[in-house]
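Undergrad: Sending over a structure as C-alpha coordinates; questions will come in a sec.
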Amino acid sequence: MANHDDSLIGRALTLGDLVQYQPGAVVSRTLIDKKIGTLTLFAFDDGQGLSEHTAPFDACVQIVDGAADITIAGEVQRVSAGQMIIMPANIPHALRAAGKFKMLLVMIRA
(Lines give C-alpha, C1' and ligand atoms only; values in the text may rest on other atoms or scores of the structure.)
Protein backbone atom coordinates (compact mmCIF):
# COMPACT_ATOMS: atom_id res chain seq x y z
CA MET A 1 0.00 0.00 0.00
CA ALA A 2 1.28 3.47 -0.88
CA ASN A 3 1.87 5.70 2.11
CA HIS A 4 0.48 8.80 0.40
CA ASP A 5 -1.74 9.85 -2.49
CA ASP A 6 0.67 10.82 -5.29
CA SER A 7 -1.97 13.05 -6.91
CA LEU A 8 -1.73 15.39 -3.89
CA ILE A 9 2.04 15.82 -3.71
CA GLY A 10 3.66 19.16 -4.45
CA ARG A 11 0.57 21.26 -5.15
CA ALA A 12 -1.70 23.58 -3.21
CA LEU A 13 -5.03 21.95 -2.35
CA THR A 14 -8.33 23.00 -0.82
CA LEU A 15 -9.20 20.36 1.79
CA GLY A 16 -12.96 20.68 1.37
CA ASP A 17 -12.68 19.81 -2.32
CA LEU A 18 -10.87 16.49 -1.72
CA VAL A 19 -13.87 14.55 -0.36
CA GLN A 20 -17.56 14.89 -1.21
CA TYR A 21 -20.73 14.41 0.84
CA GLN A 22 -22.87 11.35 0.10
CA PRO A 23 -26.45 10.95 1.35
CA GLY A 24 -26.66 8.92 4.57
CA ALA A 25 -22.96 8.14 4.58
CA VAL A 26 -19.54 8.84 6.00
CA VAL A 27 -16.93 9.16 3.25
CA SER A 28 -13.19 9.08 3.92
CA ARG A 29 -10.04 9.65 1.92
CA THR A 30 -6.60 8.80 3.28
CA LEU A 31 -4.11 11.46 2.29
CA ILE A 32 -1.04 10.04 4.09
CA ASP A 33 -0.58 6.68 5.79
CA LYS A 34 2.79 6.14 7.40
CA LYS A 35 4.10 4.17 10.37
CA ILE A 36 4.28 7.35 12.46
CA GLY A 37 0.72 8.45 11.67
CA THR A 38 -2.10 9.12 9.24
CA LEU A 39 -3.85 12.08 7.66
CA THR A 40 -7.46 11.28 6.69
CA LEU A 41 -10.20 13.55 5.38
CA PHE A 42 -13.84 12.71 6.17
CA ALA A 43 -17.25 13.96 4.97
CA PHE A 44 -20.23 13.17 7.25
CA ASP A 45 -23.80 13.58 6.07
CA ASP A 46 -26.27 15.16 8.51
CA GLY A 47 -26.98 12.81 11.41
CA GLN A 48 -23.98 10.56 10.75
CA GLY A 49 -21.20 9.98 13.25
CA LEU A 50 -18.79 7.63 14.92
CA SER A 51 -19.91 5.83 18.06
CA GLU A 52 -17.92 6.05 21.25
CA HIS A 53 -14.57 4.31 21.04
CA THR A 54 -10.98 4.66 22.21
CA ALA A 55 -7.76 4.76 20.24
CA PRO A 56 -4.27 3.94 21.47
CA PHE A 57 -2.89 7.16 19.94
CA ASP A 58 -3.45 10.90 20.26
CA ALA A 59 -5.53 12.39 17.45
CA CYS A 60 -6.33 15.89 16.25
CA VAL A 61 -9.57 16.76 14.46
CA GLN A 62 -9.75 19.95 12.41
CA ILE A 63 -13.22 20.88 11.15
CA VAL A 64 -13.03 21.93 7.49
CA ASP A 65 -16.73 22.57 6.83
CA GLY A 66 -19.84 22.66 9.00
CA ALA A 67 -19.83 21.59 12.66
CA ALA A 68 -19.72 18.47 14.81
CA ASP A 69 -20.59 17.58 18.36
CA ILE A 70 -17.49 15.85 19.70
CA THR A 71 -17.66 13.98 22.98
CA ILE A 72 -14.46 13.32 24.92
CA ALA A 73 -14.68 11.52 28.28
CA GLY A 74 -18.42 12.28 28.43
CA GLU A 75 -18.07 16.03 27.75
CA VAL A 76 -19.71 17.29 24.54
CA GLN A 77 -18.26 20.22 22.64
CA ARG A 78 -19.51 21.82 19.42
CA VAL A 79 -16.53 22.24 17.08
CA SER A 80 -17.01 24.35 13.95
CA ALA A 81 -15.20 25.07 10.68
CA GLY A 82 -11.79 26.56 11.37
CA GLN A 83 -11.57 24.99 14.83
CA MET A 84 -9.71 21.91 16.02
CA ILE A 85 -9.79 19.63 19.02
CA ILE A 86 -7.23 17.16 20.36
CA MET A 87 -8.48 13.75 21.45
CA PRO A 88 -6.04 12.10 23.87
CA ALA A 89 -5.04 8.45 23.60
CA ASN A 90 -7.09 5.87 25.50
CA ILE A 91 -9.90 8.31 26.38
CA PRO A 92 -13.40 7.46 25.06
CA HIS A 93 -14.60 9.81 22.32
CA ALA A 94 -17.40 10.03 19.75
CA LEU A 95 -18.44 12.31 16.86
CA ARG A 96 -21.90 13.34 15.64
CA ALA A 97 -22.67 15.61 12.70
CA ALA A 98 -24.48 18.85 13.55
CA GLY A 99 -25.54 19.14 9.92
CA LYS A 100 -23.14 18.04 7.20
CA PHE A 101 -19.50 18.44 8.13
CA LYS A 102 -16.01 17.66 6.89
CA MET A 103 -12.99 17.04 9.08
CA LEU A 104 -9.31 16.31 8.79
CA LEU A 105 -8.12 13.64 11.22
CA VAL A 106 -4.44 13.60 12.14
CA MET A 107 -3.50 10.44 14.03
CA ILE A 108 -0.07 10.33 15.64
CA ARG A 109 1.15 6.77 16.27
CA ALA A 110 4.49 7.56 17.91
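The values are calculated or read from the model by the stated rules, or taken from the named source; none is laboratory data. Since this is a predicted model, take the numbers as computed values, not measurements. As a convention, Cβ positions derive from the backbone with ideal geometry for all residues, glycine included, and neighbour counts pool all protein chains shown. Surface accessibility is based on the protein's heavy atoms, side chains included, excluding ligands, DNA and RNA. Shrake-Rupley method; radii C 1.70, N 1.55, O 1.52, S 1.80 Å.
Undergrad: What is the list of residues in region 25-51 whose amide nitrogen lies under 20 Å from a point 7 angstrom out from the Cα of Asp6, following Cα to Cβ?
TA: 29-35, 39
Undergrad: Separate question: Quick one: among Asp17, Asp69, Asp45, which has the greatest mean-square fluctuation in a GNM of the chain with alpha-carbon springs under 10 angstrom?
TA: Among Asp17, Asp69, Asp45, the largest GNM mean-square fluctuation belongs to Asp17.
Undergrad: Give, as ranges by residue number, the residues of region 82-109 whose backbone N falls under 20 Å from the point 7 Å along Cα→Cβ of Gln20.
TA: Residues 100-104 fall inside that zone.
Undergrad: Dividing the Cα convex hull volume of the chain by residue count, how many Å³ per residue is that? Don't jump to the answer; show the numbers that get you there.
TA: On the way: hull volume 11.4 nm³, N = 110.
About 104 Å³ per residue, rounded to a whole number.
Undergrad: Further question: Please calculate how many Å² of accessible area region 1-40 carries per residue, with a 1.4 Å probe and no DNA, RNA or ligand atoms counted.
TA: Per-residue accessible area for region 1-40 comes out at 70 Å².
Undergrad: As an exercise, use a Förster radius of 30 Å and the Cβ-Cβ distance of Glu52 and Met84 to find the FRET efficiency, rounded to the nearest 0.05.
TA: It comes to 0.90.
Undergrad: Could you look at region 1-93 and say what percent of its accessible area is carbon and sulfur, using a 1.4 Å probe and all protein chains? Numbers along the way, then the final one.
TA: Working: 2820 of 5470 Å².
Of all accessible area on region 1-93, carbon and sulfur atoms account for 52 percent.
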